[in-house]
Amino acid sequence: MSDLDKYRLAFDVSPMPLLLVSADGVIRLTNAGLDELFGYPVGALIGQPVEVLVPEDVRAIHPDLRGAYMRVPTKRGMGRGRDLTGVTRTGGRIALELGLDPVEIDGATWAMVAAVDIRARKAQDERLRLTLDASASAMITVDGEGRIIAVNRATCLLFGYEPDELVGQTIEMLVPDDQRRVHPVYRASFHGQNRARPMGLGGKLYCRHRSGRAIPVEIALNPVSSPDGWVVVATVIDLTERDAHEREITEKADALAEMNTELSHFAYSASHDLKAPLATVAGLLDLCLEDLSAGNGAEARENIAAAVETVQRAARKVEAILSIARAGRSPLAPETFAVEQDMRAIWADLTAGTGDVPRLDFDLDGAGMVTAERQTLGVILENLASNAIRYADPAKPDRWVRLRARSDADGLKLSFADNGLGIPAAAQPFVFQMFKRLDDRSQDGLGLSLVQKHVERMGGCIDLTSDVGVGTEFTVTLPHPSREVR
Amino acid sequence: MTDKSIPIVVVDDTGSDRYIARRRLSRHARFDPVLEVETGERFLSAFFQPPVSEQVAGRRAVILMDINMPRLDGFETIEALQDRVAADGGPDSIVILMFTSSDNPEDRRRAAELPMVKGYIVKPLDDAGVAQIVRLYDAA
């Protein structure tokens, strides 16, 4: 029995597709499994060059590869064999794993090729890859030496690398610069334990993006026993958005806390400023009762008059507080009007019956036409003018108040200046605070609060510059009013 | 109770409140005629000059101090007074009582923190309030 006959016998009973190739690349023997795998009738491949089973793109160089193998024939076992592609009779491509064995056939060295159809395994690998790529979390598989074995798509997106830029590198390329030196120590100790755990022990954890930017992350480490030994799968969750969200919540909480402070400040002030007149009135009326019992009608009348005055002042204060509350909403339709005319009317009302008032000057561009909520602007100007009159400097022979108005592309800028007493620097931060009275000349301590509330509601701002002995200037900047009125 | 009369200063920017205090206190035998001051600042200068300084010299005076006043409020006035007494010395002893319509816990807390403040009198001042002032004065 020749060697070939012995192999033929073995081939026929093997379930694995097998073929024998002689040194010249001619197929000498196949079994039914191989014929079937490549779609040939039984025995049809015998006598053909082995290249008929090789894809076109490598067919030209295949004889050289084959020749090289035959010069130094070694056994190449399955599993360690290479994944290759074979071509069927009809031109279909099939993924194969091949094992090569040099065999002695009647004095010559031939190659025995075992082929395994790995299409099913390839498809499964592909399904696994697709699944991992669909994960929103970055997953990185690292071997015992810290070398990256595999990454999913989310990893590439998160770190800004292509897969082949990562695979084969050490994991330290994704570790922030300041941690790079110590990281291998942590890594080695983790590999020694092989117990799943989150990384970072509760502290803030960062990875390094390709650009060098630090990415806030959460990382879970899972040791996995693979055919290549223990590997670690690190699941990395990007916390950038969560951190931004947390910051946003903190900012909102701060804004609320600020509002709350403002509210308790208001409640505190109200407990003084609204309760005080009631206590005064109660005290006065109580004395009135005594005066009336004692038959002292004159004293009682005076006390009643004082009580009435206190009540009227308190009513005005309540009205002022309500207008501040109302100033927070209900915008009015803007009008275009001559600001000088309105200012003169306000000035006349404020100074009616008083002799020695400052001179009212104007510095207006063009015809002094402005577009704004006319009534609101009136309230603002009235309060500023009223302050300027009360805080005029009696020591100055020439006392003046000047309204300047400028309209441009950005909006309207009004400045209300005087050469009055000026506001001490220490008091300036408080002038807009509700109920804050600067001194005896102050009224209810609400005027500038109302002005500021109106200005802010219209989307503008109010600034103050003042020097004691020189004067005060309030500057109101208003954007162009929107035509929409809610 | 001793018969020694008590010098008393009311610091309050509201005229009617000073009037009420004056009337209530004048009916009580223990008190000297009430000295009135309209603001904290005026109090700080008046306290160290005649006639106030003369009247309180060598005696323990009561100061009824309003809280809510323009410029220096009652607390700020007392702090300034403490600083001044610490620096230059001053009247031997004074009994400061906060005098306010506010029953606000925040104000009571601040009052309790000031060592010179010995009590808290809620407006309007009536006979019970006057009796309380005398009690606090005798206890201080």
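The values are calculated or read from the model by the stated rules, or taken from the named source; none is laboratory data. Predicted model only: the values in this text are computed from it and were never measured. Cβ atoms come from the backbone with ideal geometry, glycine included; neighbour counts cover every protein chain shown.
Going through segment A:61-103 one residue at a time, which ones are in a loop (DSSP other than H, G, I, E, B) and either modelled with pLDDT of 90 or more or within 22 Å of A:K122 (Cβ to Cβ) (or both)?
A:G77, A:M78, A:G79, A:R80, A:G81, A:R82, A:T88, A:R89, A:T90, A:G91, A:G92
Would you check if there is a residue in segment A:449-472 being assigned to a loop (DSSP other than H, G, I, E, B), out of contact with any Gly (no Cβ under 9 Å at 6 or more places or on another chain), touching a residue at least 12 places away in the same chain (Cβ under 8 Å) and on the phi < 0 side of the Ramachandran plot?
So far as segment A:449-472 goes, yes, one or more of its residues are assigned to a loop (DSSP other than H, G, I, E, B), out of contact with any Gly (no Cβ under 9 Å at 6 or more places or on another chain), touching a residue at least 12 places away in the same chain (Cβ under 8 Å) and on the phi < 0 side of the Ramachandran plot.
Look through B:A29, B:A80, B:A61 and report the one residue that is outside any loop (DSSP other than H, G, I, E, B) and surrounded by fewer than 16 Cβ atoms within 10 Å (Cβ to Cβ).
Only one candidate qualifies: B:A80.
Out of curiosity, is A:L446 over 18 Å from A:V401 (Cα atoms), surrounded by 20 or more Cβ atoms within 10 Å (Cβ to Cβ) and modelled with pLDDT of 90 or more?
Against the criterion (over 18 Å from A:V401 (Cα atoms), surrounded by 20 or more Cβ atoms within 10 Å (Cβ to Cβ) and modelled with pLDDT of 90 or more), A:L446 does not qualify.
Are any residues in segment B:87-138 within 12 Å of chain A (Cβ to nearest Cβ), surrounded by fewer than 16 Cβ atoms within 10 Å (Cβ to Cβ) and among the acidic types (D, E), and if so, which ones?
Those that are within 12 Å of chain A (Cβ to nearest Cβ), surrounded by fewer than 16 Cβ atoms within 10 Å (Cβ to Cβ) and among the acidic types (D, E): B:D103, B:E106, B:D127.
Tell me which residues, restricted to segment A:143-187, are over 30 Å from the mean Cα position of the chain (by Cα) and in contact (Cβ under 8 Å) with a residue 40 or more places away in the chain.
Matches in segment A:143-187: A:D143, A:G144, A:G146, A:I149, A:R187.
Do we have any residue at all in segment B:43-54 that's under 15 Å from the mean Cα position of the chain (by Cα), hydroxyl-bearing (S, T, Y), within 21 Å of B:A131 (Cβ to Cβ) and assigned to a helix (DSSP H, G or I)?
No; the residues of segment B:43-54 include none that is under 15 Å from the mean Cα position of the chain (by Cα), hydroxyl-bearing (S, T, Y), within 21 Å of B:A131 (Cβ to Cβ) and assigned to a helix (DSSP H, G or I).
Could you tell me which residue of segment A:423-436 is modelled with the highest pLDDT, considering only residues that are surrounded by fewer than 20 Cβ atoms within 10 Å (Cβ to Cβ) and within 11 Å of another protein chain (Cβ to nearest Cβ)?
The extreme case among them is A:P424.
If I go through segment A:394-422 residue by residue, how many of them are more than 26 Å from A:M458 (Cα to Cα) and surrounded by 17 or more Cβ atoms within 10 Å (Cβ to Cβ)?
Number satisfying all stated conditions: 5.
Under the condition of being part of a loop (DSSP other than H, G, I, E, B) and either away from chain B (no Cβ under 14 Å) or of a type in the set (G, A, S) (or both), which residue from segment A:397-422 is farthest from A:R313 (Cα to Cα)?
A:A409
Could you run through segment A:397-424 and say how many residues are within 21 Å of A:V468 (Cβ to Cβ) and either acidic (D, E) or in contact (Cβ under 8 Å) with a residue 24 or more places away in the chain (or both)?
Residues in segment A:397-424 being within 21 Å of A:V468 (Cβ to Cβ) and either acidic (D, E) or in contact (Cβ under 8 Å) with a residue 24 or more places away in the chain (or both): 15 in total.
Determine which member of the set B:G15, B:G74 is within 14 Å of another protein chain (Cβ to nearest Cβ), under 23 Å from A:L284 (Cβ atoms), exposed (fewer than 15 other Cβ atoms within 10 Å of the Cβ) and at pLDDT 90 or above.
Answer to the check: B:G15.
Could you please find all residues in segment A:424-439 being assigned to a loop (DSSP other than H, G, I, E, B) and more than 30 Å from A:A338 (Cα to Cα)?
Listed by number, the residues that qualify are A:P424, A:A425, A:A426, A:A427, A:Q433, A:M434, A:F435, A:K436, A:R437, A:L438, A:D439.
Could you please give the count of residues in segment A:164-197 that are of a type in the set (V, I, T) and farther than 22 Å from A:P216 by Cα?
1
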